[in-house]
């Protein structure tokens, strides 16, 4: 019985270390401001809205600002499986710039709860930014006539 105690402590220690490594980091890197890869005409606004709309994801980065990703809402693959470096950018101004390219009436569902794994295998902890940023972005969407719905 006494010989099993050290073995049990070793097993518990290994499990504790393993569980600690699986935690989702609090922040993420900052991404450059860029147009989304599937926006074909960057000179003007789209003429018609998409059939199923888009999903907006948000999470905090290491600089206490916010990262965003916009992906099409498709039946083929769940939106959260399409978040990648190519459709991720940082900052509200960049988000507003990208939103400006979508047609009037375009629908966005803002998902910011739970975790997701990017195409590159990075786990991110989704969250909404502070209320003042959320209110500002909702007002902006009203001005440009797109619909933003929080999950």
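Here is a check on your reading of the model: is residue 107 over 15 Å from the mean Cα position of the chain (by Cα) and surrounded by 16 or more Cβ atoms within 10 Å (Cβ to Cβ)?
Yes: the conditions hold for residue 107.
Are any residues in the range 101-146 in contact (Cβ under 8 Å) with a residue 24 or more places away in the chain, in a loop (DSSP other than H, G, I, E, B) and within 21 Å of residue 61 (Cα to Cα), and if so, which ones?
Correct list: 112, 113, 118, 119, 120, 122, 126, 127, 128, 129.
Taking into account only those residues within the range 112-143 that are in contact with a helix residue (DSSP H, G or I) (Cβ under 7 Å, 6 or more places away or on another chain) and surrounded by 16 or more Cβ atoms within 10 Å (Cβ to Cβ), which is farthest from residue 77 (Cα to Cα)?
If we take residues in the range 112-143 being in contact with a helix residue (DSSP H, G or I) (Cβ under 7 Å, 6 or more places away or on another chain) and surrounded by 16 or more Cβ atoms within 10 Å (Cβ to Cβ), then 140 is farthest from residue 77 (Cα to Cα).
Residue check: is residue 85 in contact (Cβ under 8 Å) with a residue 40 or more places away in the chain and surrounded by 14 or more Cβ atoms within 10 Å (Cβ to Cβ)?
In short, yes.
Condition first: free of Cβ contacts under 8 Å to residues at least 24 places away in the same chain, under 19 Å from residue 37 (Cβ atoms) and in contact with a strand residue (DSSP E or B) (Cβ under 7 Å, 6 or more places away or on another chain). Can you find one or more residues in the range 91-100 that meet it?
no
Applying the selection to the range 38-88, what residues are in contact with a helix residue (DSSP H, G or I) (Cβ under 9 Å, 6 or more places away or on another chain) and more than 19 Å from residue 109 (Cα to Cα)?
Hit for the range 38-88 is 65, nothing else.
All of the numbers you see were taken from the coordinates with simple rules; none came from a lab. Remember, it's a predicted structure, so these values are computed and weren't measured experimentally. Cβ atoms come from the backbone with ideal geometry, glycine included; neighbour counts cover every protein chain shown.
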